[in-house]
Amino acid sequence: MNATDDAVKVRAFAGGATTSHDRRAGTSEQFYYRGPPVVSRDDTSMPPGLTDAILDTLTSRVAVIDETGRLVESNAQWDAFAAAHDHPLVPDADRPYLDALLQSSNEQAVAVAGRLQGLFDAESDADGEYSYHADTDGRALIVRYAALDHGGERYAVVAHVGRADRNETAADLRLKERAMDEAPVGITISDPDLDDNPVIYANAAFERITGYPVDEVIGRNCRFLQGEDTDSEAVARLRRAVENWAPVTVELRNYRRNGEEFWNQVTIAPLYDENGEPSHFVGFQQDVTDRKRAEESLETERDRLALLNQIVRHDIRNDMAVALGWGGELANRIPPEDADVFERVMTAATHTKELTEAVGDLAEILGTTDPKLEPIALVDVLAGEIDRVRSNFDYRSEEIEIDGDDDLPEVTVRATSILSSVFGNLLDNAVFHNDKSNVEIVVDVIVDAETVVVRIADNGPGIPDARKREVFGRGEKGLESPGSGLGLYLVDNLVETYGGRVWIEDNEPSGTIFCVELQRA
């Protein structure tokens, strides 16, 4: 190897690994500096001084160290940096370089010295690099080092390469390829410049997902995964993205090598070369069959909820409305001794009718994954529900008193059209679970800059602290009173859907206050 080869390889070493191709043998080799030491100037194949000039053109700092640990050669960049900076990796020259590094107070400099010393201790050639992290002494950089044997002597070549100037070494590339091979999702790379945009790389996960060995995938367009039930519109979206060099994500019904159907979430995106021009496409494939089946199952459940809603809200509710109507006709004909029994029958019928409304509203929110919130006039909702309760319990109107609806503030909140279910259920709860002969309910509204708090207070038996959260659970029945707690479960879920919260406080001298906080629109 002549001095020209030496200079080329030092350039490769200082700026990153380079690849030399033997076209006759059809092989390639990863090169670092391996030639004779640059201290030698007796090679007559190159004019004297030219090798020094070539080294001085390198942007990286390069130096050569002998077995005594002294610097025996350095390029202009190294010398200029040493003259202008007090850096741990370029210590003063009044003692051997390796000794200065080993005695440095900088732990990273000591680590570099250990790597360089290892080159002299090893019997075979060795090379590597060390990541020097940024500190108060300078910028972050890569320290590259390589062993060099010449004339029975061993030398170490060291280069300081800026991270921004660092080229990928073979180890870097192997690490990235191993990471892609072991990724949990399928990864492919295709080349649109080749006929039919074939796959030029596929990882192991792609083989696991599709069942196709990698060697059967390379050179083919990924459309071989498609079948008769693959959505043509989704395929068209992929095609348009490729034509426009645009990223896209679609879900396709694909087929494995054994013919088994699966759902494939495919994402493709363009890759760009060093000039910023699109050159390849990377594709990610993820088996989402389980999720798609869960979505289909959920859709089936929603259909069943819709049917239940129709039966409960229309058929049962209509029958209970008829029963309550006839009961109202009998109210003035019931003898005093039967009045208590009649009131119990009407209360149970009223509760059943309101329960059908709660079931319908619950079916609605369970059937919606992301309800759209809109401004709702709070006064209209509260006034409407208060009037409804008064009407439903008209047969015992002398026993029920509701105050606070005569001066409700004009304010809008973020909710949906079934916000009425929240306050309707709380007002019903204040009546159904009240043990007093005269039911007293007070509605109060507190408006702040961003929120509105509605307080519904009653004079009932109250709720112990230990059960204040419990009563919102599915199927809870409030204290030990008869009836279903489905209404409170609905209240809690609806308010949470609206971005609000609900809690319970004690009323004085007795009773409960249900507090509902909603976001202002």
Any chance you could run the full-extension gain for Asn244 through Ser279? It's 0.36 nm times the residue separation minus the Cα-Cα distance, nm to one decimal. 11.4 nm
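How much area per residue is accessible in the range 201-347 when the probe is 1.4 Å and only protein heavy atoms are counted (Å²)? Numbers along the way, then the final one.
Values: 9220 Å² over 147 residues.
Ligands and nucleic acids excluded, the figure is 63 Å² per residue.
Could the peptides 336-342, 266-272 be put in order, highest first, of the mean number of other beta-carbon atoms found within 10 Å of their residues? Before the final figure, lay out the partial values.
Details: 336-342: 10.6, 266-272: 16.4.
Going from most to least packed, we get 266-272, 336-342.
Determine how many Å³ per residue the convex hull of the Cα atoms of the range 206-263 encloses. Intermediate results must be reported in sequence, preceding the final value.
Numbers: hull volume 5.2 nm³, N = 58.
Cα convex hull per residue, to the nearest whole number: 90 Å³.
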Would you compute the Debye intensity of the range 177-239 from its alpha-carbon atoms alone, equal scatterers and no solvent, and pass along log10 I(q)/I(0) at q = 0.17 Å⁻¹ to two decimals? -0.63
Estimated FRET transfer efficiency when R0 is 41 angstrom, pair Ala204-Arg302 (beta carbons, to 0.05): 0.60
Roughly how many percent of the accessible protein surface of the range 212-292 is carbon and sulfur, given a 1.4 Å probe and a whole-percent answer? 45 percent
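From the P(r) of the range 244-306, can you give the percent of Cα pairs sitting at distances over 19 Å?
Values: 1031 of 1953 pairs.
Counting pairs separated by more than 19 Å, the tail of P(r) holds 53 percent.
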Suppose R0 equals 22 Å; then what is the FRET efficiency for Leu175 and Gln117 from their Cβ-Cβ distance, rounded to the nearest 0.05? 0.25
Using modelled backbone amide H atoms (1.01 Å from N, in-plane), which distant-in-sequence or interchain residues come within less than 5 Å of Gly462's amide H? Gly511, Thr512
Taking r as the C-beta separation of Asp86 and Glu107 and R0 as 25 Å, the FRET efficiency to the nearest 0.05 is 0.90
Sticking with the crude label model, points 7 Å out along Cα→Cβ, report the distance from Ala269 to Asp99 in nm, one decimal please. 5.4 nm
Show me, for the range 196-211, the HN-Hα J-couplings you get by feeding each phi into the Karplus relation (A = 6.51, B = -1.76, C = 1.60, θ = phi - 60°), rounded to Hz, glycine and proline as x. 6, 6, x, 6, 10, 8, 9, 8, 5, 5, 4, 5, 5, 6, 9, x
Non-local residues with an amide H under 5 Å from the amide H of Ile400, with H modelled 1.01 Å from N and Pro and chain starts lacking one, are Val439
Residue by residue through the range 250-259, what is 3J(HN,Hα) from phi via Karplus (6.51 cos²θ - 1.76 cosθ + 1.60, θ = phi - 60°)? Round to whole Hz and write x for glycine and proline. 9, 10, 10, 7, 10, 9, 6, 4, 8, x
Please list 196-204, 224-232 highest first by mean number of surrounding beta-carbon atoms within 10 Å per residue. 196-204, 224-232
In whole Hz, the Karplus estimates of ³J(HN,Hα) for the range 61-66 (6.51, -1.76, 1.60; θ = phi - 60°; x where Gly or Pro) are 7, 10, 8, 10, 10, 8
Output ordering of 380-390, 436-446 (per-residue mean of other Cβ within 10 Å, highest first) is 380-390, 436-446
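What whole-number volume per residue, in cubic angstrom, does the convex hull of the C-alpha atoms of the range 145-303 give?
Values: hull volume 30.2 nm³, N = 159.
About 190 Å³ per residue, rounded to a whole number.
The values are calculated or read from the model by the stated rules, or taken from the named source; none is laboratory data. Treat the numbers as computed from the prediction; the structure is a model and nothing was measured. Counting neighbours? That spans all protein chains shown, and the Cβs are built from the backbone with ideal geometry, glycine included. For the accessible areas, the whole protein counts, side chains as well, though only heavy atoms, and no ligand, DNA or RNA atoms are used. Shrake-Rupley method; radii C 1.70, N 1.55, O 1.52, S 1.80 Å.
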